[in-house]
1. Tell me, what ³J(HN,Hα) does each residue in the range 175-181 have, in order and in whole Hz, if you take phi through Karplus 6.51 cos²θ - 1.76 cosθ + 1.60 with θ = phi - 60° and put x for Gly and Pro?
2. Can you put SER153, SER146 in order, fewest other beta carbons within 10 Å first?
3. So what J values fall out for the range 131-148 if you push phi through Karplus, 6.51 cos²θ - 1.76 cosθ + 1.60 with θ = phi - 60°, rounded to Hz, Gly and Pro as x?
4. Going by how many other beta carbons lie within 10 Å of each one, how would you line up ILE396, ILE530, fewest first?
5. Using θ = phi - 60° and the Karplus form 6.51 cos²θ - 1.76 cosθ + 1.60, what ³J(HN,Hα) does each residue of the range 287-304 get, whole Hz, x for Gly and Pro?
6. Under a point-charge model restricted to the Cβ atoms of Lys and Arg (+1) and Asp and Glu (-1), what is the dipole moment magnitude of the range 47-249 relative to its Cα centre, in debye to the nearest 20?
7. Using 0.36 nm per residue of separation minus the Cα-Cα distance, give me the extension gain between ARG358 and VAL44 in nm, one decimal.
8. How big is the range 47-249 in terms of Cα radius of gyration and Dmax, in angstroms?
Amino acid sequence: MSLKFPRLARWASQRISLWLVLLALLVALLGLLIWLAGRYEASVLQSRLEDNAAQAVTDIRSGLNRNLQAFQALHARERGLDAWQAPAGQLLHEHSEILRLEWRNETLGMLGFVETPFRKPVFEKLDRPSLQADVSLTCTSARRLSGPAYSLSYFLPQSDGLGMEVIDMCLPLMESGRLTGYVVATYSLQNLLAEVVSKPLSQGVGLSLTEADGTRLAMYGVPARGSRAFVARQLLDLPGSTMVVRMESRRGTPALFPNVLTALVTAMSLVLLVVLFLLGRDMRRRLQVEHDLGEALAFRKAMENSLLTGLRARDLQGRITYVNPAFCKMVGVDAQELLNQSMPSPYWPPELANAYQRRQEMRLAGNQLPREGHESVFMRKDGTRFPVLIMEAPLINAVGKHTGWMSTILDVSEQRRTEELSRASQDRLQASARLAMVGEMASLLSHELNQPLAAISSYATGSLNLLQDEARGDRAPDSVALFDDLQLAMGRIAEQAERAGRVIKSVHDFVRRSERVREAVPPRALLDAIMPLVSLQARKLGVQVATVVDDTCPPVLCDRTMVEQVLLNLARNGMQAMRGCNDAQTAAPASLQPDKVLTLRIRPAASNAQSQWVEFAVIDQGEGISGEVARQLFTPFFTTRKEGMGLGLSLCRTVIEQHGGFLGYESVQPQGTIFSFTLPVAAMPGAGEDAHHPLEES
């Protein structure tokens, strides 16, 4: 009990401190709310006053513009002085802000004037001719601006001992581009504020016109007094004159006392509610704690029974004080046999028991154990061994005292088995990848070698036919010509055999992704290299071959063998496409069957001769490419022919893109297709650097 009372005293002092902190926070919060409310209302009033001042400037501008329209209407048609004075007097009767309206000729000579009917003549004490210089300056500005101009404001004394600030406006009168005179109007600044500014804006505020330095020129209403007055200023910029519209509001910020009183009542209500809430919460907590204790024990038991990880607790002497069911199932020993057991433990292998005991003694002698865990080997009751991962942490009781060690044991035998299976699967995947690479190389070789080998076979067959004719006695008239034909055929066979070797080397380099050797090759040389093969197949299919070569094309930088294969493959596809059309037309008479022409074209890729790219095009007159085929045209292994493999166009595009070019196609009217690709010229620093080729952006 002697220890309990000091704890109760500390607990009570802590609660009092919490109540004081809460009260201080409430007071600070209420004060902040009152201050923020005052600042917000002041900002709203200031913003509203700024908007009203801007609207007042707009009203003044609109009123002056309306008056200008009225002045122009007075002189819309020619009339004499007598006819002018009546409507001018009516205008001044409707607009009390205009004190005097004058009609002057082009030399500023006075033709006539009218005075406001609301007061005595304003120039009674100060003669109008004495201000001729100011009027002349204003009208000169108006003539230069081809529009109205306003003078600087000036003070006009009156006969009653008072005076007023006025401003002159001069408007030039033009007829067919010729100056015929001026209209000079004298405004009262005070009447301008009173009459032109709308009444809702001028009520309850002090409205005045001031100069840029703050000198007040005219005022309407009562100016605001006190430190809580709100002031808004807006610039009134007129041609030739600049003034400031100043609006002062007499509405101050809200009184402080009503807000504080309301805040105190609200705070007391909130505090009362908080006290009631705390009392109710304390009562509920007492009942909830008892219920939570029972739930916590039940939950802990259920959690321990459902864990798949083994838990083991030991005291400072190494005796086991707790094990969960998962650990008992792991080692195959009941909990009663494990509790209060000291070293050696029954699940230690006999051959490792001494080493484990020395290690445990070293660990228990220290105050800290490693948290990263360590691997070990345990033994089940039947004698089988299995690997485990052990992680240990100190056990700390409610008062912070170290009472033992808590261990987490994981059976990692399944993990080790999974790792072995994964390693074996990885080896099999690598083997499959190597087999796939071998298959890819075989497919490439079979596709690329088909054409030169077919040419070799054709030349060999032709040579055999010539030899058989010679053996049968069907000698040619000229044996020298027969010998030349055989020599040419054998040369072609050797050439195509050498070509097959280059294809094997190029495909081998392509599969290995090695660096290729590129050289400067004339475009016509690339075409001449494949023409024997193209002509041979064209004769078989009954297709004519035409070449269109621009001799101004510079040499291109490329892998010669691969580009020749691309040209040969595109030409072969074009002839195959036209063969289908010929088959469909065999029923027609021979005279009506059109000739099918395959055109091989080489030209600069751009219209000018400075193009850095050369375009190669293969133009056929086949059936064209349908929309469904076009979507999969360059997809590997997609083909429309039964004997095709679907690799030709895909490989062609890969080769051209590796050179930095672009391979595409377009339809030809009325039928046919153009397959074209680009190669960089040899003068470029490197292939594929021009990323803005016109064909690449299509």
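1. Residue by residue, the range 175-181 yields 9, 6, x, 10, 6, 10, x Hz.
2. Exposure proxy ranking, most exposed first: SER146, SER153.
3. 9, 4, 5, 5, 5, 4, 5, 5, 5, 4, 5, 5, 5, 5, 7, 6, x, x
4. ILE396, ILE530
5. Each residue's phi maps through the Karplus curve to give 6, 6, 4, 5, 5, 5, 4, x, 5, 5, 5, 5, 5, 4, 5, 5, 5, 5 Hz.
6. In debye, rounded to 20, the range 47-249 gives about 260.
7. Gain on extension, ARG358 to VAL44, equals 104.9 nm.
8. Just the Cα atoms of the range 47-249 yield Rg and Dmax of 17.5, 59 Å.
Values quoted throughout were computed directly from the atomic coordinates according to the rules given, and no laboratory measurement underlies them. Not measured: the values here are computed from a predicted model. Virtual Cβ from ideal backbone geometry, glycine too; neighbours counted across all protein chains shown.
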